[in-house]
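Report on one structure; see the data block that follows.
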Amino acid sequence: MFINHELINQLLKEAKFATTKDINDVLDKANKREKLDYKDIAILLEMEDKSQLDRLFKIAGEIKNEIYGNRVVLFAPLYVSNYCVNECAYCGYKCSNKFNRKKLTMDEVRKEVKILEKMGHKRLALEAGEDPHNCSIDYILECLDAIYSTSNDNGSIRRANVNIAATTVENYKKLKEKGIGTYILFQETYHKPTYIRQHGNSIKNDYYYHLTAFDRAMEAGVDDVGAGVLFGLANPKFEVLGLMMHNAHLEENFGVGFHTISFPRLKPAEGMTLEDYPHLVDDFMFKKIVAITRLAVPFTGIIMSTRESGEMRRELLKYGVSQVSAGSNTGVGGYKEEEEGRNVDQFKLEDHRTPIQILKELISDGYIPSYCTACYRMGRTGDRFMSLAKSGQIHNVCTPNALTTLKEFLLDYGDEELIAMGDELIAKEIAKIERVDIKDIVSNNMVALSKGERDLYL
Ligand code: SF4
Ligand code: SF4
């Protein structure tokens, strides 16, 4: 099995004895942009010294800046069904929780999509519980058709990522044919005994089947996969090394690792109490593991949802996070109900701001909010995306696309204040572009967009 528990435990044990010099050596290595091995990562995970941590954050910030610049990609989740046959101890949707379960009709999917489009979203993450009968693969495929075929004035969803239960190669092929973006699946925990304990008598309680879902997805041709751990279930240091081993396994076998990693932390939910979880991750450890992940897998996007406060997201954007959700609702049919003044979140969200409010904060912090989905649209997925990212050339596509999609947002959805802030940022960013051909493309895009042309991305 490629998550070598014995090795992880041994590395963490040895790392407790790392000297100041050992830690500095790893930080020097990261500073020279050399690849870190498992031992290096374990050493960083055990690090506690304030000045060394400051250096870790500084290097992580520099790496983030070199690869992602000041762009931040935005998306929103779309919950389509809360039917679930599983008994995940930590989740409010577990089957022993009795409440009126719901799945959206196609008409309701289209209504939710229109609301999201009205907020300016172009990229969604479709979410559903596991229930082969009430929420079959055919239902998910139908939802994808409804999502991609629904438009609202200039609004359309250009990339639908999918977060559904581990499934078969055959089903992943069907998802691929429907044109999904990233297939997202959280391992929840890489620690097998914890995994077994947390998943009770469920079909999800097959550690190996769950762990090898990405192998099947890749075999089916889905080459952008998004991983995640529910931090708080087991020792977070173990989880980080588990993520790295999983990523390495995919790189070795399929030539490309995770496209993204998500960082959700365990939150209170119906039918569970946080008191039962001794490994909850405090803010200090959370920041540290995000920064270490940035060093360990520089080209993998890091996603942070509205489970985290605006303050935490703002801080982690500095040294790791490259994608955030905005204006999220985690209830099935939640966007419609929220519009009608009813709130039906699945679990407690911390950041309730609208996309416009989030965009204003991002712009005043010097970021370019991006609604770009060009790679997916141009077939730059899997190793084609990774080789462009690793060559450093990705900047030449991401920045023009970020500026173009921001302008598009301003024209379609911006209020007066945001338009002024956005236009000022766009002018400043265009002035910074060194390549004359790219500067011309972006300037031409701005003119074309203002004339109502939309299909302009590189
Ligand atoms: Fe179902 Fe997913 Fe919740 Fe588990 S985590 S109970 S599979 S919705
Ligand atoms: Fe993402 Fe590709 Fe757009 Fe860059 S060009 S923001 S990598 S989709």
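Please verify whether region 56-68 includes one or more residues that are farther than 25 Å from Leu7 by Cβ, in contact with a Pro (Cβ under 7 Å, 6 or more places away or on another chain) and away from ligand 1 (no atom under 16 Å from the Cβ). Within region 56-68 (the criterion being farther than 25 Å from Leu7 by Cβ, in contact with a Pro (Cβ under 7 Å, 6 or more places away or on another chain) and away from ligand 1 (no atom under 16 Å from the Cβ)), the answer is yes, since at least one residue qualifies. Cβ separations smaller than 9 Å between residues 6+ apart or across chains give the following pairs from region 183-205 residues that are without any contact (Cβ under 8 Å) to a residue 40 or more places away in the chain to residues that are in a loop (DSSP other than H, G, I, E, B) and among the small types (Gly, Ala, Ser): Pro193/Ala234; Tyr195/Ala234. From the list Asp365, Asp351, the one residue that fits, being buried (at least 22 other Cβ atoms within 10 Å of the Cβ), among the acidic types (Asp, Glu) and in contact (Cβ under 8 Å) with a residue 40 or more places away in the chain, is Asp351. Give Tyr376, Tyr371 a once-over and let me know the one that is surrounded by 15 or more Cβ atoms within 10 Å (Cβ to Cβ), at pLDDT 90 or above, away from ligand 1 (no atom under 16 Å from the Cβ) and of a type in the set (Phe, Trp, Tyr). Residue meeting the stated conditions: Tyr371. Of all residues being touching a helix residue (DSSP H, G or I) at 6+ places or on another chain (Cβ under 7 Å) and open to solvent by 10 Å² or more (accessible area, probe 1.4 Å) in region 284-294, which is nearest to ligand 2 (Cβ to nearest atom)? Just the residue, please. Ranking the candidates gives Lys287 first. When region 184-205 is limited to residues that are within 15 Å of ligand 1 (Cβ to nearest atom) and within 27 Å of Gly382 (Cα to Cα), the one that is nearest to the chain's Cα centre (by Cα) turns out to be Ile184. For the residues Lys407, Lys451, the requirement of being outside the structural domain of Glu311 (by TED's automatic domain parsing) and open to solvent by 40 Å² or more (accessible area, probe 1.4 Å) singles out Lys451.
Of the set (1) closer than 19 Å to Gly129 by Cα; (2) free of Cβ contacts under 8 Å to residues at least 12 places away in the same chain, all apply to Ser262 but (2). Among the residues of region 156-202, none is identified as closer than 18 Å to Phe263 by Cα and modelled with pLDDT under 95. Between Ile3, Ile67, the distinction of being aliphatic (A, V, I, L, M) and within 16 Å of ligand 2 (Cβ to nearest atom) belongs to Ile67 only. Of all the residues in region 246-270, those that are within 25 Å of Arg380 (Cα to Cα) and not polar (S, T, N, Q) number 14. I'd like the full set of residues that are at pLDDT below 95, within 16 Å of ligand 1 (Cβ to nearest atom) and of a type in the set (Gly, Ala, Ser), limited to region 69-95. Passing the criteria: only Gly92. All conditions in (1) open to solvent by 60 Å² or more (accessible area, probe 1.4 Å); (2) more than 26 Å from Arg454 (Cα to Cα); (3) away from ligand 2 (no atom under 14 Å from the Cβ) hold for Ser387, with the sole exception of (3).
Could you tell me whether region 319-341 includes any residue that is in contact (Cβ under 8 Å) with a residue 40 or more places away in the chain, surrounded by fewer than 18 Cβ atoms within 10 Å (Cβ to Cβ), in a loop (DSSP other than H, G, I, E, B) and among the hydroxyl-bearing types (Ser, Thr, Tyr)? Looking through region 319-341, none of the residues is in contact (Cβ under 8 Å) with a residue 40 or more places away in the chain, surrounded by fewer than 18 Cβ atoms within 10 Å (Cβ to Cβ), in a loop (DSSP other than H, G, I, E, B) and among the hydroxyl-bearing types (Ser, Thr, Tyr).
Count of region 195-214 residues, restricted to those that are surrounded by fewer than 17 Cβ atoms within 10 Å (Cβ to Cβ) and either charged (D, E, K, R) or in contact with a Gly (Cβ under 9 Å, 6 or more places away or on another chain) (or both), is 2. Considering each residue of region 74-92 in turn, none proves to be open to solvent by 20 Å² or more (accessible area, probe 1.4 Å) and over 25 Å from Leu230 (Cα atoms).
The values are calculated or read from the model by the stated rules, or taken from the named source; none is laboratory data. Only a predicted model underlies this, so the values are computations on that prediction, with no experimental measurement involved. Cβ coordinates were reconstructed from backbone atoms using ideal geometry, including for glycine residues, and neighbour counts include every protein chain displayed. Heavy atoms of the whole protein, side chains included, go into the accessibility calculation; ligands, DNA and RNA do not. Shrake-Rupley method; radii C 1.70, N 1.55, O 1.52, S 1.80 Å.
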